[in-house]
Ligand code: NCC
């Protein structure tokens with residue numbers, strides 16, 4: 001099941017939804033952290049997101065298995081009788097819990113656009129994790145294109161990064177440290193999940209259920225440790241406005257689409273495709289709504305396009321080259337003899 005074929009259109013659809021949701025999520029999250037009314041507890045939002053993702057994944061597994069009895073068998077086999085697998089998936093769930101909480105911390109202290117630009121460092125970090133953890137190799141040109149993509153996306157989003165000026169107390173240093181931690185967590189957890197997912201035939205929805213189960217426990221511990229007393233006094237859902245619910249909804253949907261994208265592509269491709277989607281959506285806005293393109297955007301978009309092209313170039317087969325060199329050398333020797 002892990003490698004079942006899907007159409008390009010479906011992949012493009014998942015990538016587009018993921019990218020649109022991610023962009024909206026960052027802005028909406030920032031908005032909920034900057035309004036002056038009493039703030040909700042961000043750790044509860046991270047926790048409730050895990051619960052919703054678990055419920056949705058159960059629904060998807062029910063659809064996949066086709067009958068309640070098969071769903072039950074699958075859950076017994078993969079959850080109740082697989083403590084080792086649960087333990088394996090608890091690693092990315094802890095790391096994602098840290099990352100998701102860091103996003104709230106960063107966006108409480110930094111502008112959404114600054115966050116989005118700086119967060120692009122996750123692209124080379126993910127590439128590094130892919131090489132180290134999956135044993136894949138990247139050619140020099142591919143490494144170059146990864147950094148070029150990082151620069152390109154930074155420029156593409158630069159214009160918006162100038163919009164700031166919020167009247168709340170912020171600590172940019174804390175914000176940047178939170179982003180640095182989030183970047184490392186995103187790279188590691190993404191590649192770890194990909195490795196587990198692609199090393200067996202176990203369904204994506206089963207893997208998600210295994211991960212979200214420990215995710216709930218870990219994030220609940222996070223609520224207790226950081227805001228326990230306040231949550232007990234004021235309530236778990238204190239400060240939840242419709243906007244906060246919208247953020248939780250986006251986080252849940254975005255997380256599930258991310259898992260589907262990783263299943264059908266990989267974490268590096270996720271970065272490239274998301275960048276392409278940002279560029280394409282802006283170009284579409286130009287055509288549809290007459291949005292003005294800046295030089296910074298145009299240069300960034302060009303870098304993104306060139307980097308995608310370079311990354312996709314076939315790698316030089318060095319073993320073949322050295323074989324050809326060896327053959328040439330031996331022919332030369334024969335001639336001289
Ligand atoms: O940073 P990023 O993703 O790698 O974070 C992955 C998010 O997906 C959730 N996830 C992952 C695997 C899985 N099987 N299930 C999941 O629910 C993780 O819990 C984590 O939240 C990106 O590539 O830029 C992306 O960015 C996030 C988000 O914008 C950033 O983390 C900012 O905080 C996007 N998430 C949402 O839009 C909700 C993600 O779609 C893409």
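The values are calculated or read from the model by the stated rules, or taken from the named source; none is laboratory data. Owing to the predicted nature of the structure, the values given are computational and were not obtained by experimental measurement. So basically every Cβ, Gly included, is an ideal-geometry build from the backbone, and we count neighbours across all protein chains shown.
Screening the candidates 277, 221 for the property of being touching a residue at least 12 places away in the same chain (Cβ under 8 Å), in a helix (DSSP H, G or I) and more than 9 Å from the ligand (Cβ to nearest atom) yields one hit, 277.
The criterion of being part of a helix (DSSP H, G or I) and modelled with pLDDT of 80 or more holds for residue 300. Residue 113 falls short on exactly one of the conditions (1) at pLDDT below 90; (2) away from the ligand (no atom under 16 Å from the Cβ); (3) surrounded by 15 or more Cβ atoms within 10 Å (Cβ to Cβ), and that condition is (2).
Of all residues in segment 83-112, those that are within 17 Å of the chain's Cα centre (by Cα) and closer than 25 Å to residue 156 by Cα total 8. Among the residues of segment 258-273, those that are in contact (Cβ under 8 Å) with a residue 24 or more places away in the chain and either more than 6 Å from the ligand (Cβ to nearest atom) or outside any helix (DSSP H, G or I) (or both) comprise 260, 261, 262, 263, 264, 265, 266, 267, 268, 271, 272, 273. Kindly establish whether residue 126 is within 11 Å of the ligand (Cβ to nearest atom) and assigned to a helix (DSSP H, G or I). Against the criterion (within 11 Å of the ligand (Cβ to nearest atom) and assigned to a helix (DSSP H, G or I)), residue 126 qualifies.
Looking only at residues in segment 233-249 that are surrounded by fewer than 20 Cβ atoms within 10 Å (Cβ to Cβ) and in a helix (DSSP H, G or I), the one that is farthest from the ligand (Cβ to nearest atom) is 233. The helices (runs of 4 or more DSSP H) found wholly in segment 1-116 and carrying at least 3 residues that are closer than 30 Å to residue 235 by Cα and touching a helix residue (DSSP H, G or I) at 6+ places or on another chain (Cβ under 9 Å) occupy 8-34, 42-65, 83-109. Filtering segment 205-217 for residues that are farther than 18 Å from residue 100 by Cα and surrounded by fewer than 21 Cβ atoms within 10 Å (Cβ to Cβ) leaves an empty set. Within segment 12-46, count every residue that is within 10 Å of the ligand (Cβ to nearest atom) and at pLDDT 95 or above. So the answer is 1.
Only a single item in (1) modelled with pLDDT of 95 or more; (2) buried (at least 23 other Cβ atoms within 10 Å of the Cβ); (3) more than 17 Å from residue 26 (Cα to Cα) is not met by residue 182, and it is number (3).
Within segment 152-174, the residues that satisfy the criterion of being within 22 Å of residue 302 (Cβ to Cβ) and either at pLDDT 90 or above or within 13 Å of the ligand (Cβ to nearest atom) (or both) are 153, 157. Tell me, yes or no, whether segment 177-191 has at least one residue that is more than 25 Å from residue 226 (Cα to Cα), in contact (Cβ under 8 Å) with a residue 60 or more places away in the chain, more than 12 Å from the ligand (Cβ to nearest atom) and part of a helix (DSSP H, G or I). Among the residues of segment 177-191, not one is more than 25 Å from residue 226 (Cα to Cα), in contact (Cβ under 8 Å) with a residue 60 or more places away in the chain, more than 12 Å from the ligand (Cβ to nearest atom) and part of a helix (DSSP H, G or I), which makes the answer no.
Does residue 49 satisfy the condition of being closer than 30 Å to residue 172 by Cβ, modelled with pLDDT of 95 or more and within 12 Å of the ligand (Cβ to nearest atom)? Considered against the rule, which asks whether it is closer than 30 Å to residue 172 by Cβ, modelled with pLDDT of 95 or more and within 12 Å of the ligand (Cβ to nearest atom), residue 49 comes out as yes.
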